[in-house]
Structure formats: C-alpha cells, structure tokens
1. Touching a residue at least 40 places away in the same chain (Cβ under 8 Å), assigned by TED's automatic domain parsing to the domain that holds ASP487, surrounded by 20 or more Cβ atoms within 10 Å (Cβ to Cβ) and more than 27 Å from the chain's Cα centre (by Cα): which single residue out of GLY423, GLY383, GLY415 fits that description?
2. Given (1) within 30 Å of LEU512 (Cα to Cα); (2) out of contact with any Lys or Arg (no Cβ under 9 Å at 6 or more places or on another chain), identify the lone condition not met by ASP418.
3. Just to be sure, is ARG25 modelled with pLDDT of 95 or more and assigned to a loop (DSSP other than H, G, I, E, B)?
4. Among the residues of the stretch 400-412 satisfying the criterion of being surrounded by 14 or more Cβ atoms within 10 Å (Cβ to Cβ) and not in a loop (DSSP other than H, G, I, E, B), which is modelled with the lowest pLDDT?
5. Hey, does the stretch 236-255 have a residue that's modelled with pLDDT of 95 or more, crowded, with 23+ Cβ neighbours inside 10 Å and among the β-branched types (Val, Ile, Thr)?
6. Quick one: in the stretch 175-186, of everything that is in a loop (DSSP other than H, G, I, E, B) and not hydrophobic (A, V, I, L, M, F, W, C), which residue is nearest to THR201 (Cα to Cα)?
7. Considering every residue within the stretch 99-114, establish whether at least one is in a strand (DSSP E or B) and either in contact with a Gly (Cβ under 7 Å, 6 or more places away or on another chain) or closer than 19 Å to GLY334 by Cα (or both).
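The values are calculated or read from the model by the stated rules, or taken from the named source; none is laboratory data. The shown structure was predicted, so the numbers you read here are calculated from the model rather than taken from an experiment. Positions of Cβ are backbone-derived with ideal geometry, glycine not excepted, and every protein chain shown enters the neighbour counts.
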Amino acid sequence: MTLHPFIIGEHPFDLDAFVAVCRGRRRLRLGDQAREAVARCLAMRRELEQGTARIYGVNTGFGKLADTVIPASQLLDLQRNLIRSHAVGWGPPLSRTEARGMVLLRAMSLAGGHSGVRPEVIDQLIWLLEAGVTPWIPGRGSVGASGDLAPLAHLALVLMGEGHVLDETGSPRPAGPVLADHGRAPLVLEAKEGLALINGTQLMTSLGLHAVARAHGLVRNALVATALTIEALEASMKPFGAEYHRLRPHRGIMDAAAVLSGLLRDSEVMMAHRDCGRVQDPYSVRCAPQVVGSSLDQIRRAGDVLLLEAVAVTDNPVLMPDSGEVVTGGHFHGQPLALQLDALYAACAEVANVAERRVNLLLSGNGGRLPRFLAADPGLESGLMIAQYLAAALVSETRSKAFPAAVDSIPTSDGQEDHVSMGSVSALKLAACLDRCEAVIALELLTAGRALEFITGEASARRLGRSPMRPAPALDLVLAALRAAVDLGPGDRPLTADLQTVQELIRRETLLAGLDDHLAPLQEGADDDRPTSA
C-alpha cells in the first residue's frame with residue numbers, strides 16, 4: 001500500500017507516521033502554511049541582523065562565550081565554525097532509521113517558524129530523507145541540554161557538504177562527493193542557522209520514539225507468551241476478569257487483563273481444571289496484568305511526551321514574530337524527555353523481569369503436572385535448565401544498567417550550563433535494553449511452547465499418562481507459528497539458533513498474525529487532541 005506524503009504543518013503527527021518516514025515507506029513535504037511561517041520568522045531574523053542589539057547566537061559567541069560580540073563581517077564564519085567545533089562524537093553510529101528520525105524531527109522543529117532559518121534549510125533536510133542520504137552520526141556526545149549538540153552537529157555537517165554519510169554497508173563515506181553525485185549544492189549557513197540546526201532534542205526524541213514503538217511490540221508479544229504460560233501451568237483465569245478489574249481501573253492493567261482473557265478463551269486446558277483445588281497462583285502469573293499493564297501505561301505516557309516534543313520548538317533563542325520579541329530560554333533542555341526515558345527503561349525491564357520468573361515456574365515441574373526442566377527423561381536430559389540461566393543473566397544485566405541518568409547531571413561550558421538532563425544517556429540505553437527484554441520473552445515463548453507440547457501433543461501427553469487437550473484457539477495459532485519455526489519437542493539440543501529465530505519472530509510480530517481482535521485493547525484510540533506538526 002502506498003502511503004500519501006506526510007505534510008508538515010497539516011497532518012497530525014503520530015508514532016505510525018514517524019516510523020513510516022524513518023523506514024522510507026512515507027515521503028515528507030513542508031506544508032504551505034508552515035513555509036509561510038518560516039519565511040515570516042526569517043524576515044524578523046534578517047531585520048535583527050541589521051540592528052545593534054546583542055542577540056545570542058546571531059552576533060555573539062556560544063555558551064560561556066556569549067559575552068563575545070561578533071562583527072557582522074564574520075557572522076557566516078561564526079555559524080560554520082560552530083558546526084565544525086561541535087562535531088565531537090564517539091562510539092558506534094546511529095542506525096539508519098535512528099538517524100533519519102533525527103533529520104525528520106529537526107525539520108519539523110524548524111518548521112515551527114520560530115528559529116529564523118531559511119526554508120531552504122528545511123528543504124535540504126527533507127531532501128536527505130527523499131534521496132536516502134543518511135548522515136553518519138556517532139551516538140555519544142550529547143548531555144541532553146543546550147540541545148543534542150554533538151550529534152546534531154554531525155547531521156548539520158552533511159547539509160554543508162562536510163562530514164560523512166552512511167554507505168550501503170553502514171560505513172562512513174565523505175558527504176561532499178555524495179551531494180555532488182546527486183547534483184545537490186551544499187548549504188552556506190546564514191546567521192543563526194547553524195545554532196538552529198543543533199539546538200534541539202532530536203537525538204533523544206528519535207531514539208525515544210523508536211524505543212516506544214519497539215516497547216509496544218514487546219508488550220504484545222509478552223502478553224501472548226504470558227497466556228501460553230498460564231495455559232501450560234493450568235493456572236486460574238479468575239484474576240483476569242473485567243468485573244474484577246473495574247474495582248481498580250488503571251487503563252493499562254485493564255487492557256492487559258482483557259487481552260489475557262481473550263487469548264485464553266475456549267481453552268480445553270483451562271476448562272479442565274477450573275474447579276481444581278489450587279487456591280492461588282504465584283504473583284508472576286496472577287499479577288501479570290498489574291505488572292505488564294503498568295509498564296504499558298508508562299510506555300503510553302512516554303509516547304505522549306515524545307510525540308509532543310516532536311512537534312515542539314526546541315531552539316534557542318526563540319524568535320517571536322507576533323511580538324517582535326527574542327527569548328533566550330531553555331526549550332532545548334531535555335528534562336521532560338529524560339525522566340520519561342528513564343521510566344521507559346524501567347517499564348521494559350519489568351516486562352522481562354516478571355517473564356523470567358514464569359520461565360522458572362515452567363521448569364519446576366508444576367507440582368508433578370510437567371516433567372522437571374521439561375526434559376523427556378529428567379536426569380539423563382537437562383531439558384531447558386540453561387534457558388532460565390540465560391534469562392537470569394539477561395535480567396541481571398538489564399537491572400545493572402537501570403540507574404536513572406536524569407539524576408546524574410554534570411555541569412558543562414565552564415559552569416554556564418550548570419544543570420543538564422543527561423537524557424541522551426537514557427535514550428542510548430534503550431535499544432540494548434529492548435534487545436535483552438525481547439530475548440527473555442523469546443525464552444518464555446520457547447519454554448511455554450515446549451511445556452504445552454506435554455499437554456496438547458498426543459505423544460508427549462501420553463508419556464505423562466495424560467490425555468491431550470486442545471489449547472485456546474488463539475494460542476493454537478501461536479503454537480502453530482512457533483512449531484513452523486523451531487522444534488518444540490523434547491530432547492536435548494543446542495537452543496541458541498532457536499532463540500535467535502524466535503526473537504526475530506518477535507521483532508517482526510509474526511506470532512501475532514491472526515490475533516488482531518484479541519490484541520485490540522492495546523491499540524491507541526483516535527486522539528483528536530494529537531498535536532499537529534509545526
């Protein structure tokens with residue numbers, strides 16, 4: 001399906017639009033009204049240039065050097081030097097989609113019409129996306145205040161025909177020849193344009209929005225894995241009823257419980273033991289909606305904050321054409337993002353944390369209902385014993401990196417910038433956190449899938465002296481997809497390749513095919529108050 005272009009200033013901005021542009025599935029345009037707002041602010045900036053007032057970033061130095069006045073003859077040199085001097089990054093570059101997110105978000109912020117740039121600057125950013133030219137941006141260097149200066153400087157270098165872009169292999173290639181090959185002239189930055197390009201929160205916002213998109217997928221797959229585990233453990237469905245959850249109506253918890261109830265509906269396994277003598281299940285089972293649902297609430301909150309930031313003006317100084325005022329303030333400060341990104345990390349970590357406990361339950365034998373460690377011949381075989389070891393190692397590593405970066409400010413610029421958000425540090429931790437969390441959910445899917453083979457598979461059930469029972473229809477679809485990808489049957493064998501296969505199924509959401517109705521409570525409703533770009 002061909003998506004219509006996203007028009008800045010006309011279309012409401014949401015997570016789907018962000019992901020589609022970042023992945024090259026949707027084109028980008030600057031709307032006419034946004035272009036007019038940019039031109040109006042440009043006229044104000046050019047008028048200010050002709051005056052004698054000292055204006056930060058237009059005719060002064062930067063940071064602690066703001067008390068240095070720059071002659072009019074050197075204003076272009078000032079902007080060029082700013083970009084070059086601030087391009088001090090380190091570490092692996094951002095992925096192609098992460099870097100494209102920064103380009104998109106920088107264009108949207110400038111399109112707000114308060115930064116004093118020419119429309120040509122935004123056109124050059126949009127051209128990068130349309131031409132598939134992706135800046136090579138080292139991930140480390142920002143402290144999450146004064147803007148994501150170093151990463152954005154690497155982006156701005158490419159607009160100037162300097163710096164590097166990603167080639168087909170992800171390696172750096174000089175940007176100048178690439179622009180020349182496309183017949184694109186480098187930008188010569190005018191007054192304030194360099195500062196406008198780097199004074200913003202686009203690294204934090206891009207990484208954060210990508211993480212939110214993945215986190216929603218993590219929750220969807222985690223609830224499916226949880227439902228498989230509940231069925232394999234022959235646990236109670238009563239803790240997931242809608243009437244029960246109306247007594248404590250947290251939205252995410254109610255939604256998670258509704259998903260679990262729907263996935264387990266019409267299960268022979270669940271019906272067979274509904275009147276058994278077990279009084280209650282462990283917390284990781286009966287409190288699954290409270291844990292995963294609370295994480296879902298936080299993921300939604302983080303997404304709302306990040307989408308609001310995506311359409312905000314995060315420049316400094318800000319030009320106000322209506323009043324003629326120039327405001328030197330702090331909209332570049334990443335604190336609102338940093339707090340949400342730290343909380344987003346914790347939310348994802350808890351999804352994996354509680355999943356590891358369920359893996360352990362599945363391996364314990366479930367009071368004799370399952371073979372220990374899900375081995376066909378426990379003792380001779382170790383079954384999935386080491387799967388829990390790996391889950392424990394991944395959860396421990398995730399916990400060890402969970403310290404909130406937002407409480408660890410280190411002053412910069414000789415104390416002028418005496419409190420910074422460190423939101424960039426929070427954002428950079430998220431992708432690796434999600435990698436580990438997805439792996440833990442993959443381990444739960446493998447473990448629950450094998451456990452259910454002993455309940456639903458004829459040969460395995462007979463081995464335990466049981467009659468095979470049919471799983472819930474929704475979960476039968478999941479099991480079929482799992483069986484098509486990996487061997488769920490007993491027998492000791494290396495499982496690393498199976499883990500990688502299932503984690504890829506999680507990322508592609510392959511296991512969720514046919515479950516749209518069951519997962520519908522997790523979908524965001526239409527929001528008429530969604531902020532419009534620019």
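1. Details: GLY423 fails: more than 27 Å from the chain's Cα centre (by Cα); GLY415 fails: surrounded by 20 or more Cβ atoms within 10 Å (Cβ to Cβ).
Matching residue, one of GLY423, GLY383, GLY415: GLY383.
2. So the condition that ASP418 fails would be (1).
3. In short, yes.
4. THR412
5. No.
6. If we filter the stretch 175-186 for residues that are in a loop (DSSP other than H, G, I, E, B), which is where we start, we get 182-186.
Those left that are additionally not hydrophobic (A, V, I, L, M, F, W, C): 182-184, 186.
Working: HIS182: 29, GLY183: 30, ARG184: 27, PRO186: 24 Å.
Among them, the one singled out is PRO186.
7. Looking only at the stretch 99-114, we keep the residues that are in a strand (DSSP E or B), and these are none.
No: zero hits.
Matching residues to (1) of a type in the set (S, T, N, Q); (2) touching a Pro at 6+ places or on another chain (Cβ under 8 Å); (3) not in a helix (DSSP H, G or I):
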site: VAL188; (1), (2), (3): no, no, yes
site: SER206; (1), (2), (3): yes, no, no
site: SER236; (1), (2), (3): yes, no, yes
site: PRO239; (1), (2), (3): no, yes, no
site: PRO249; (1), (2), (3): no, no, yes
site: ALA257; (1), (2), (3): no, yes, no
site: ASP266; (1), (2), (3): no, yes, yes
